Amino acid sequence: MTSKPSADFLLVGASELVTCAGNAPAVGAEQSRVAVIENGAIAARDGMIVWVGKEKNIDAEVDVAAEATRLDVGFRAVLPGLVDTHTHMVWAGDRGDEFDRRLEGATYSEILAAGGGILRTVDATRQATFEALLSAAGARLERMSRWGTTSVEVKSGYGLEPASEYKMLETVLELGKRHPQELVPTFLGAHTLPREARGSQRARERYVDLVCEEMIPTVAKRHLARFVDVFIDEHAFGLAEARRVLESGRRAGLGLKIHADQLSSDGGAELAGELGAVSADHLEHLSPEGMSALAQSGTVAVMLPGATLFLRSHAYANGRALIEAGVPVAVATDVNPGSCPSESMPLMMQLACLYCGLSVDEAIVAGTANAAAASGLEDRCGSLEPGKRCDLLVLDAPERRQLIYKLGSPQIHMVVARGLVLS
């Protein structure tokens, strides 16, 4: 006889338990696999799920400790905690005034020439203390959790010199120690060129050398990041430079991610497929060749519709075409101070339905199981299954569609991370 798992956490009263269980990432028709258990329940121990099933079977199948935390969610829908797989959550300073300038018609180049844009954030982040970054990022993380986010991939990229890049990544690691959310640090030293590298071709080459020969080896040696990322764009890095950065990261043992095809079709998706990157992100101007490369490699396509909206562009990633081509699709906030200051994963999932062609259930999988796979977390997060973290959100509604239907105001009743109630 198999012994019953013991539990110190029990959730009951779910009208529907949306588990998103199964292999991740989900591809094609499986993208809509939400796997609902009506009148389901969850048992966990030490923050990890040990049992999922019908509430009526708890007594027969689970040994629930007398002192266990017991949550009766009162006939509400329960989903996996959301996974935000593309964020720039650590930065200092504020660029709210630039929003007014943009609304008045100023271009990105004009704002940059006036001392604004990303380099303004770089200046502020370089000057900020570790404690200041930790405080600001911690406040963002807490706000994100209120929207149902329980796991976050966090990029560096506002330091653009060794000490500041390491400081950003150390901030992510420290946040992970202080909060129950799962955090994944990504090194994005190749975000853009710092001011000191913009004077000449030689200065540019020296910066790429610095990223590849000093920063990446140090990040890997100090275990500061799990992934290396690069922004491919005419205002950032070209394909040859990106290849060098990514190959340096791979030699150092880091996983690969790419900012690809955001403002033009620049070959980023093709490179992601060739190198077997875990994700290619943005993809607003994805070519047919790039789509084919992603499908063949199994690379997750991470859509960031909030950036398209905030930049007042009309070029949204074509999620429907990606799914039909056999590319696994995820969605994320891209939260950052310039092109998408939104911290709301539900809003991004709503935009993915309205503008990228996803159904409600496809968007739920895109924000959970597939997003976890894009973060290298598919064995820990993204679904409600034994062996996964007890991360979940409870809607103030009996069925899952309300998460997407209530535009801008999803009815979130409660959020749990690692078995702890956050809100």
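Every listed requirement among (1) assigned to a helix (DSSP H, G or I); (2) in the same structural domain as Gly96 (by TED's automatic domain parsing) is met by Glu343 save one, (1). Any residue at all in the stretch 346-363 that's in contact with a Lys or Arg (Cβ under 6 Å, 6 or more places away or on another chain), surrounded by 24 or more Cβ atoms within 10 Å (Cβ to Cβ) and either in contact (Cβ under 8 Å) with a residue 40 or more places away in the chain or not in a helix (DSSP H, G or I) (or both)? No, the stretch 346-363 contains no residue that is in contact with a Lys or Arg (Cβ under 6 Å, 6 or more places away or on another chain), surrounded by 24 or more Cβ atoms within 10 Å (Cβ to Cβ) and either in contact (Cβ under 8 Å) with a residue 40 or more places away in the chain or not in a helix (DSSP H, G or I) (or both). Within the stretch 39-92, the set of residues being within 30 Å of Gly189 (Cα to Cα) and small (Gly, Ala, Ser) comprises Gly81, Ala92. Of the residues in the stretch 365-373, none is free of Cβ contacts under 8 Å to residues at least 60 places away in the same chain and not β-branched (Val, Ile, Thr).
Restricting the stretch 186-219 to residues that are under 27 Å from the mean Cα position of the chain (by Cα) and part of a loop (DSSP other than H, G, I, E, B), the residue that is nearest to Asp281 (Cα to Cα) is His191. Listed here are the strands (runs of 3 or more DSSP E) enclosed by the stretch 1-85 that have at least 2 residues being of a type in the set (A, V, I, L, M) and surrounded by 24 or more Cβ atoms within 10 Å (Cβ to Cβ): 6-18, 40-45, 63-80. Restricting attention to the stretch 16-34, the residues that are among the hydrophobic types (A, V, I, L, M, F, W, C) and within 16 Å of Gly319 (Cα to Cα) total 3. Mind listing just one residue for me: the one in the stretch 198-237 that is of a type in the set (Gly, Ala, Ser) and touching a residue at least 24 places away in the same chain (Cβ under 8 Å) and, of those, farthest from Thr171 (Cα to Cα)? Ranking the qualifying residues of the stretch 198-237, first place goes to Ala236. Of the residues making up the stretch 314-327, those that are buried (at least 24 other Cβ atoms within 10 Å of the Cβ) and either more than 11 Å from Met303 (Cα to Cα) or in the same structural domain as Gln31 (by TED's automatic domain parsing) (or both) number 2. At least 2 residues being over 17 Å from Thr171 (Cβ atoms) and acidic (Asp, Glu) is the threshold, and among the helices (runs of 4 or more DSSP H) wholly inside the stretch 89-159 those reaching it are 96-103.
May I ask you to say which residue of Ser135, Ser151 is among the small types (Gly, Ala, Ser) and surrounded by fewer than 24 Cβ atoms within 10 Å (Cβ to Cβ)? Write out each step before concluding.
Details: Ser151 fails: surrounded by fewer than 24 Cβ atoms within 10 Å (Cβ to Cβ).
Ser135 is the lone residue from the list that is among the small types (Gly, Ala, Ser) and surrounded by fewer than 24 Cβ atoms within 10 Å (Cβ to Cβ).
Consider Gly290 carefully, then state whether it is touching a Cys at 6+ places or on another chain (Cβ under 6 Å), at negative phi, of a type outside the set (Ser, Thr, Tyr) and part of a helix (DSSP H, G or I). Explain how you work it out, then say what you get.
Details: touching a Cys at 6+ places or on another chain (Cβ under 6 Å): no; at negative phi: yes; of a type outside the set (Ser, Thr, Tyr): yes; part of a helix (DSSP H, G or I): yes.
No; evaluated as a whole, the condition is false for this residue.
Scanning the stretch 1-25 for residues that are touching a residue at least 60 places away in the same chain (Cβ under 8 Å) and charged (D, E, K, R) yields Asp8, Glu16. Within the stretch 102-119, being charged (D, E, K, R) and either under 13 Å from Arg195 (Cβ atoms) or modelled with pLDDT under 85 (or both) holds for one residue alone: Glu110. Scanning the stretch 293-314 for residues that are within 28 Å of Phe99 (Cβ to Cβ), modelled with pLDDT of 95 or more and assigned to a loop (DSSP other than H, G, I, E, B) yields a single hit, Leu304. If a residue must be buried (at least 23 other Cβ atoms within 10 Å of the Cβ) and hydroxyl-bearing (Ser, Thr, Tyr), how many such residues does the stretch 253-270 contain? Residues that pass the stated criteria total 0.
The values are calculated or read from the model by the stated rules, or taken from the named source; none is laboratory data. Quantities reported herein were computed from a predicted structural model and do not represent experimental measurements. So basically every Cβ, Gly included, is an ideal-geometry build from the backbone, and we count neighbours across all protein chains shown.
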